[in-house]
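Okay, so here's the structure we're looking at.
The values are calculated or read from the model by the stated rules, or taken from the named source; none is laboratory data. If you're wondering where the values come from, they're calculated on a predicted model, not measured in any experiment. Cβ sites come from the backbone with ideal geometry, for glycine too, and all protein chains shown count toward neighbours.
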Amino acid sequence: MTEPQGGGFIIFATFLVGLVLSQMPLPDMLAWARPEWVVLILIYWVMALPHRVGLGSAFLLGVLLDVVRGSVLGLSALSLTVIAFFVVILYKRLRMFPLWQQSLMVLVLVGINQLLFHWMQSITGTTGDSLLFLLPSLVSALVWPWLYLLLRAVRHTFYLQ
Amino acid sequence: MAADLHWPKMKEGRAWLSLLVTPLQWLVDIPTRVADGVSDVVVDRASLLRENEALKSEALVLERKVQQMAALTAENIRLRELLAAGDRLDPETRLVELIGVNPDPFQHEVILNQGSEDHVFDGQPVLDAGGVMGQVVSLAHYTSRVMLITDARSAIPVEVNRNGFRSVALGKGVMDELELEHVPDTVDIRAGDLLVTSGLGGRFPRGYPVGRVHEVIRDPGRPFTLVKAVPTARLDRSRHLLLVEYRSSADVEAVDD
C-alpha cells in the first residue's frame, strides 16, 4: 500500500458536484424522488478509500450540506457521520458484493439517513406528514450502479489511492 | 444542533458559513438563467407582438385604476385627518430576484439574491405581483432565505376584506393551500372572500392580499369551521419578488435596545 497522496482536491470536487446536484431545481413531480447525491458519493469514497475519507470528512461535509439546505446546523452532519460509520464497518464486505447487492445496501443506508434526518427535523420543529421522504432511498439505490462505475472511472483516471 | 437552535450568536456563524456556499447557489442557478436567456433570445416575432399587445391593454386597465387611486388616496387622507387617526404609511419596496428553491419538499423556502450586505433584515415581508409571499427567516451576506406562507411553520394574521373579520392563516406544508384556524361557526365568511394582511402581529404591513377563500366546511361534529384558502401570490412561479421596507415598531425597539 502506497502512502496516501494527492487528489484530495478531486475528492472534494466530486463532493461539490454532489452538493450542487442536491440543490438543482426539479419539476414538482420529481421533487420527492431526488437521489441523495451527497450520501451516495460519500458512501463510495468511504468504501473505496476508508483511510482517507472517514467520519471527520463526513461530519464536515454534513455541516456544508446543512448550510446549503438551510436546515438546523448538525442535522445532516450527524446523519452523514452515522452513515460513514456503518460504511467504515462494512466496507470490506461491500467491496466483495456484486453491484445489485451493493444497491440493496445503499437502499438501506440511504433509508437510515433519511429516517434520521427527518426524525431529527421533526424534533426541531419542521414536520411532514407523509412517508414519501423515504422515496429517495429507492431512487438512490437505482442510481448507485451508474454512480459507482462513474466514480471508479474518476478514481482510476486520477490514480487516487 | 442545540447551539444553533438556542444560541443567537450562531446566526452570525451561520451567515459566515453561508458565505462559503453562496457561489454554489449561484452555480445551481446558472442553468435556469441560461435557459431563460435562451428563451428570451429565440422567441418569435408573432408571440412578442402578442405579448406586447396584452401588456398594453393591461397597462391601460391599471392606469385607469390608478387614476381613481389618486382621488381615493386624497379622500382617504382627508377622512383620516378628520378622524385624527395616524397616517397609513406606504412602505417602499425593492425588487429582488429568486436564485434558488429549497429542494426539501417539506420546507417551502426560496433563496433571494440579496442579503445582510444589502440591508435585508430578519422578518422582512416579501411580496410578488399577486400578494404576500412570505418573510425572510435567515440571512447570509449576499443571500437570504424566505419562508413562504404555505410552509408548515408559517402563520400570518389576516382579515376578511369584505367585513374585517380577523383570523390567522396557517401554512399546511402543501403548495396552494392555507387554512384559517379557530373560526367560529357563526362567522360570515364564504368562498371567494379575499383575505388581506391585518397588520396585527406587526410583521406584515396592512392591506396586502394573502389568499382567496375557496372552501368553507361547516361540520356540526367539529368545534370550529374549517376554512381553506388559496394564496394569491404565485408562490412556485414568481422569479422577481418585492422586499418591503417595513419594520414594525416592536422590531425597531428591539434594534434600538
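Key figures
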{"quantity": "Segment A:22-33 - residue that is among the aliphatic types (A, V, I, L, M) and more than 9 Å from chain B (Cβ to nearest Cβ) and, of those, nearest to residue B:29 (Cα to Cα)", "calculated": "A:30"}
{"quantity": "Breaking point among (1) aliphatic (A, V, I, L, M); (2) in contact with a Phe, Trp or Tyr (Cβ under 7 Å, 6 or more places away or on another chain); (3) modelled with pLDDT under 85, for residue B:132", "calculated": "(3)"}
{"quantity": "Test: residue A:161 is modelled with pLDDT of 90 or more, farther than 27 Å from residue B:24 by Cα and more than 15 Å from the chain's Cα centre (by Cα)", "calculated": "no"}
{"quantity": "Residues located in segment B:82-129, provided they are among the acidic types (Asp, Glu), modelled with pLDDT of 85 or more and surrounded by 19 or more Cβ atoms within 10 Å (Cβ to Cβ)", "calculated": "B:109, B:128"}
{"quantity": "Residue in segment A:73-85 that is touching a strand residue (DSSP E or B) at 6+ places or on another chain (Cβ under 8 Å), within 30 Å of residue B:152 (Cα to Cα) and not in a helix (DSSP H, G or I) present", "calculated": "no"}
{"quantity": "Residue ID - nearest to residue B:30 (Cα to Cα), chosen from residues in segment A:38-65 that are within 14 Å of another protein chain (Cβ to nearest Cβ) and surrounded by fewer than 23 Cβ atoms within 10 Å (Cβ to Cβ)", "calculated": "A:64"}
{"quantity": "Test: residue in segment B:208-218 that is modelled with pLDDT of 85 or more, closer than 29 Å to residue B:16 by Cα and surrounded by fewer than 18 Cβ atoms within 10 Å (Cβ to Cβ)", "calculated": "no"}
{"quantity": "Strands (runs of 3 or more DSSP E) fully within segment B:165-208 counting 1 or more residues that are in contact with a His (Cβ under 8 Å, 6 or more places away or on another chain) and closer than 15 Å to residue B:233 by Cα", "calculated": "B:166-171"}
{"quantity": "Top-ranked residue in segment A:95-119 [being away from chain B (no Cβ under 14 Å) and crowded, with 20+ Cβ neighbours inside 10 Å; ranked as nearest to residue B:143 (Cα to Cα)]", "calculated": "A:110"}
{"quantity": "Test set (1) without any contact (Cβ under 8 Å) to a residue 60 or more places away in the chain; (2) among the β-branched types (Val, Ile, Thr); (3) crowded, with 17+ Cβ neighbours inside 10 Å - residue A:89 fails condition number", "calculated": "(3)"}
{"quantity": "All positions within segment A:67-78 that are buried (at least 24 other Cβ atoms within 10 Å of the Cβ) and either at pLDDT 85 or above or away from chain B (no Cβ under 11 Å) (or both)", "calculated": "A:76"}
